[in-house]
Amino acid sequence: MISKTYSPQEIEDKWYQYWIENRFFNSKPNPDKEPYTIVIPPPNVTGVLHMGHMLNNTIQDILVRKARMDGREACWVPGTDHASIATEAKVVAMLKERGINKRDLSRDEFLEYCWEWTHKYGGIILQQLRKLGASCDWDRTRFTMEPDLYDSVIDVFIDLYEKGDIYRGHRMVNWDPQARTTVSDEEVMMKEVHQKLVYIRYDLEDGDGSVTIATTRPETIMADVAICVNPDDVRYQNLIGKKAIIPLIDRAIPIIADEYVEMEFGTGCLKVTPAHDTNDYELGKKHNLPIIDLLAEDGTLNEKAQILVGEDRFVARKKITKMLEASGNLVKVDEYQSNVGHSERTNAVIEPRLSEQWFLKMERLSKPAFENVMDDTIQLIPSKFKNTYRHWMENVRDWNISRQLWWGHRIPAYYLNDGTIIVAKTKREALRKAQLDHQLFALTEEDLRQDDDVLDTWFSSWLWPISVFNGIKEPDNADVNYYYPTNDLVTAPEILFFWVARMIIAGYEYRGQYPFKNVYLTGIVRDKLGRKMSKSLGNSPDPIDLIEQYGADGVRTGMLFSSPAGNDLPFDEKLVEQGRNFCNKIWNAFRLTQGWEVSADIPANNDLAIAWFESKLNQTLVELHDDFAKFRISDALGAVYRLIWNDFCSQYLEMVKPEYQQPIDAGTYRATLDFFDKLMRLTHPFMPFITEEIWQNLAKRGENESICLAPYPQPGAVNSALLEDFDRLIELVTALRNLRNTKNLSPKTALPLAIRTDSSERYEKLADLIQKLANVSEITFVEEQADGMSFLVRSDEFFVDLAGEVDVEAERETLLADLKYTEGFLASVTKKLSNERFVQNAKGDIVEKERQKQADAEAKIVTIREALARLG
């Protein structure tokens with residue numbers, strides 16, 4: 001018994017379990033099939049499903065399901081990323097709730113808590129993806145900290161170090177005081193913030209005047225090592241070589257000159273603080289200035305600050321401003337808007353900081369990744385992102401790959417007491433290298449200290465398309481040889497350089513080949529105000545709640561209704577509601593067909609309608625295959641939606657359904673079920689659950705059969721002339737129904753129809769359908785106009801005799817009122833066009849619009865007068 005209403009909650013778990021039990025999503029190398037491979041952008045192990053994941057994974061699932069139905073060996077590899085910074089933050093917060101401080105733990109003890117947290121929460125997002133219908137090969141689930149993937153990362157570090165591509169250096173880096181680690185340039189988000197521009201007076205050491213500098217960071221003045229002016233600035237030329245006194249600490253610093261200083265900016269005097277500003281650092285190197293670092297790793301002032309030691313940098317900023325005012329060194333304070341770097345991971349304000357870190361040279365490695373995207377060997381979709389990619393890659397800088405964390409891939413570098421670095425996979429191997437390479441035979445393992453830092457999380461995920469198939473440790477294994485390179489990557493534009501470019505770099509370095517052929521870049525899911533959806537803003541619905549309310553198929557379609565590649569998705573829950581309504585429409589159509597009584601005794605009488613829908617279906621399939629080939633996933637869904645809702649449900653079923661309580665002929669019934677079968681198969685990648693439910697009910701299926709393995713429909717012949725005829729039919733029926741609505745006529749009232757046309761045979765073969773769909777009592781063909789209301793469909797004119805069905809006098813009054821209004825409108829337009837000044841001075845398109853209004857009004861007046869004449 002088919003339920004009256006579609007209930008996704010009752011079928012989704014049932015069919016997902018069926019798919020899993022029958023291992024329909026599992027894949028292994030098959031030499032008889034062409035592989036189709038996607039690796040999931042690994043979500044953070046700390047994560048739960050959000051709207052961006054929903055969009056991204058829906059698109060991936062559509063591509064994988066389509067490939068599977070096309071007969072390819074489809075493999076979608078799931079997994080999660082260990083997310084060093086995010087996970088440490090979660091674990092530290094968990095420990096705090098238990099009254100434990102990370103700094104009271106050993107490294108191994110802390111890592112035990114990290115694994116505890118990972119085992120408890122790390123699989124949540126993958127379980128949630130099952131609710132969405134994701135057809136991943138779950139047996140292939142990978143985690144960036146599992147042994148094989150861990151070893152792969154360490155092996156790559158050692159390999160690149162031995163090639164001379166990895167080095168350790170003292171550089172200015174981005175420091176996150178909250179996470180207490182460096183972050184890469186790509187992990188710094190610039191935000192416009194409101195600040196105060198503080199003007200400070202520095203007295204000259206010789207007592208002969210003062211200079212004023214402007215800064216947004218008065219808390220760093222204790223780290224000043226010079227004041228710099230432009231050598232061409234006449235205001236300060238006499239001060240070059242003198243010294244000024246830093247307020248509050250009374251330390252003298254030199255006044256130097258450099259063209260770098262902009263005379264027009266601020267006061268024209270620049271405080272030079274090499275430890276706390278990237279540009280100041282370069283200036284300091286140039287002038288051989290000392291470096292004073294007054295910030296501790298947590299963003300508090302250290303003993304080098306001399307004052308306010310231990311205070312947070314922002315607290316110190318306010319206090320120092322008051323202290324400067326009290327000392328008489330505060331000149332003024334202005335309000336100021338500027339862009340300030342924030343950590344993408346913690347949202348803390350980034351500090352430029354001098355630090356010794358590990359770096360990867362990018363110049364050699366990045367060349368193949370740059371060239372093969374620029375020449376479209378690897379396609380970015382949409383291609384507009386090539387310019388962004390070009391900009392990044394042409395300005396690529398060495399990658400800071402070390403992070404001051406414990407959770408992650410520990411850098412395989414060991415230090416001797418004299419600072420010598422030995423890079424090796426284990427301490428035992430490092431000892432052997434030290435003994436053999438440095439002749440230090442008396443050395444023991446106790447004499448070696450491993451680097452405390454871990455590698456940047458992206459240093460593991462850049463190997464993802466290779467390492468998930470164990471292609472680093474076993475470069476010639478069957479899986480990596482069959483599945484690599486993968487086919488398509490679906491990801492977000494904001495990690496184009498973070499991850500995509502780096503995967504391409506790794507692919508060429510370790511496989512000599514690109515890691516994927518196509519990169520489909522999704523848009524960002526935004527709310528109605530255009531803001532990116534996020535939990536912190538509270539503007540994002542819970543995806544699981546949406547699935548429970550609207551069903552997974554409804555959510556999937558709703559997400560895609562307005563989401564072309566690379567364009568942001570303005571999310572509106574009404575879209576998901578529309579997706580659910582689409583499910584209901586399909587379900588009701590299915591129930592309708594299943595409720596028909598079939599008779600073998602009735603001759604087939606729907607051949608024309610069947611032929612038309614066959615052509616319409618084939619026409620849509622041509623469009624669909626083209627959309628898939630060009631990654632127009634949203635357009636493909638739109639084509640499916642229109643075919644099912646408009647053409648199948650609203651037109652075809654109305655054409656063929658029998659009269660009330662009458663049977664349908666067996667031929668039409670078989671054709672309709674065949675159409676339903678094809679429609680479910682072409683819809684399946686978008687809406688997997690409802691299509692499986694209906695497909696299983698359309699025929700008796702075997703125990704291990706599923707629509708997900710059924711062949712995707714291929715287009716057949718398209719009868720364009722027939723499609724054109726039916727377009728006219730549908731327009732005609734729509735016009736007749738609209739006429740009934742405007743005249744308040746019952747659909748049960750049969751109306752006579754006269755047609756003036758040069759191709760009566762076109763309508764003669766459609767006569768039965770016209771009469772059925774529009775309730776027409778008779779159809780006649782005329783050479784001139786006929787009695788009744790008239791309207792046009794394309795170039796043909798139709799007349800409906802409403803005598804006896806409408807109030808003729810009321811109709812006449814309506815027409816006369818319409819005529820009066822239109823004549824008045826025509827007069828005003830004609831007057832405007834008779835004004836030579838208007839015609840000569842107005843833009844050409846405006847004048848043309850007025851002439852079109854004039855022509856339309858004249859035509860309408862003719863039509864109204866003819867209608868009045870027919871009324872008598």
Using 1/(1 + (r/R0)^6) with R0 = 22 angstrom and r between the beta carbons of Leu709 and Lys517, what's the FRET efficiency to the nearest 0.05?
0.35
Normalise the Cα radius of gyration of segment 746-871 by 2.2 N^0.38 Å (N = residues in it) and let me know the number.
1.38
At the level of C-alpha centres, the distance separating segment 370-392 and segment 235-304, in angstrom, is 41 Å
With the dipole of segment 810-872 defined by +1 on each Lys or Arg Cβ and -1 on each Asp or Glu Cβ, the option from Gln852, Ala817, Thr863 whose Cα lies farthest towards the positive pole is Gln852
Taking a ≥ b ≥ c as the square roots of the Cα gyration tensor eigenvalues, with a/c under 1.5 meaning rounded and otherwise prolate when a/b beats b/c, else oblate, which class fits segment 485-627?
oblate
Past the 21 angstrom mark, what percentage of all C-alpha to C-alpha distances in segment 181-351 do you count?
49 percent
Charges at C-beta only: +1 for Lys and Arg, -1 for Asp and Glu. How large is the resulting dipole of segment 818-872 about its Cα centre, in Debye rounded to 20?
100 debye
Ranked from highest to lowest mean number of other Cβ atoms within 10 Å per residue, what is the order of the peptides 654-665, 343-354?
343-354, 654-665
Aspartates and glutamates within cross-link reach of Lys285: Cα-Cα under 18 Å, excluding same-chain residues under 8 positions apart?
Asp224, Asp258, Glu259, Asp277, Asp293, Glu356
Packing-ranked peptide list from 403-415, 469-481, highest mean Cβ count within 10 angstrom first, is 403-415, 469-481
At what distance in angstrom do the alpha carbon centres of segment 460-481 and segment 36-78 lie from each other?
19 Å
Over the Cα atoms of the chain, what Rg and Dmax result, in angstrom?
36.9, 121
To the nearest 20 Debye, how big is the dipole of segment 1-157 about its Cα centre, given +1 on the beta carbon of each Lys and Arg and -1 on that of each Asp and Glu?
560 debye
Figure the gain on full extension for Glu34 and Glu394 (residue separation times 0.36 nm, minus the Cα-Cα span) and round it to one decimal in nm.
126.0 nm
Run the quick spin-label model on Glu97 and Met190: label points 7 Å from Cα toward the beta carbon, then report their separation in nm to one decimal.
3.9 nm
Going from the fewest other Cβ atoms within 10 Å to the most, one would list Arg531, Arg756 as Arg531, Arg756
Reachable lysines, given that their alpha-carbon falls under 23 Å from the alpha-carbon of Lys574 and they are not under 8 places away in the same chain
Lys131, Lys528, Lys532, Lys535, Lys585
Cα-based shape type of segment 820-872, given that a ≥ b ≥ c are square roots of the gyration tensor eigenvalues and the cut on a/c is 1.5:
prolate
With +1 on each Lys and Arg Cβ and -1 on each Asp and Glu Cβ, and nothing else charged, work out how big the dipole of the chain is about its Cα centre, in Debye to the nearest 20.
1000 debye
What distance in nm lies between label points placed 7 Å from Cα along the C-beta direction at Arg794 and Arg642?
1.8 nm
Note the angle between two axes, namely the Cα long axis of helix 808-833 and the longest principal axis of the Cα atoms of the chain, as a number of degrees from 0 to 90, rounded to the nearest 10.
50 degrees
Taking the mean number of other Cβ atoms within 10 Å as a proxy for protection, how do you rank 640-648, 107-115 from highest to lowest?
640-648, 107-115
Calculate the spin-label point distance for Ile544 paired with Asn841, positioning each point 7 Å from the Cα along the beta-carbon direction, and give it in nanometres.
6.8 nm
Charge dipole of the chain about the Cα centre (unit charges at C-beta), most positive-ward option of Phe110, Trp587, Leu443
Phe110
Going by how many other Cβ atoms sit within 10 Å of their own, how do Cys75, Cys649, Cys136 line up, fewest first?
Cys649, Cys136, Cys75
Could you work out how far the C-alpha centroid of segment 585-649 sits from that of segment 107-163, in angstrom?
44 Å
Considering the dipole of the chain built from charges on the beta carbon (Lys and Arg +1, Asp and Glu -1) around the Cα centre, which of Ala179, Trp19, Trp399 is farthest to its positive end?
Ala179
From the Cα trace of segment 2-138, what convex hull volume per residue do you get, rounded to a whole Å³?
157 Å³
Can you give the three extents of the C-alpha atoms in segment 572-718 along their principal axes, from longest to shortest, in whole Å?
47, 34, 34
Ranked from fewest to most other Cβ atoms within 10 Å of their own Cβ, Glu809, Glu205 fall in the order Glu809, Glu205
Under-21-angstrom lysine pairs by C-alpha in segment 746-871, whenever the two are 8 or more apart or on separate chains:
15
Just subtract the alpha-carbon distance of Glu858 and Val331 from 0.36 nm times their residue separation and send over the number in nm, one decimal.
182.1 nm
Using R₀ = 30 Å, calculate the FRET efficiency as 1/(1 + (r/R₀)^6) where r is the Cβ-Cβ separation of Ala717 and Asn741; round to 0.05.
0.20
Classify segment 8-75 from the C-alpha gyration tensor, please: rounded if a/c falls under 1.5, else prolate or oblate depending on whether a/b exceeds b/c.
oblate
Counting only helical runs of four or more DSSP H residues, what would the 222 nm mean residue ellipticity of the chain come to if each run contributes -39,500 (n - 2.57) and the total is spread over all its residues?
-13500 deg cm²/dmol
Rg and Dmax of segment 386-510, using alpha carbons, in Å: what are they?
18.5, 57
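Each value in this text was obtained by applying a stated rule to the coordinates, not by laboratory testing. Nothing here was measured: the structure is a model prediction, and the numbers come from that model. Cβ: placed from backbone, ideal geometry, glycine included. Neighbour counts: every protein chain shown.
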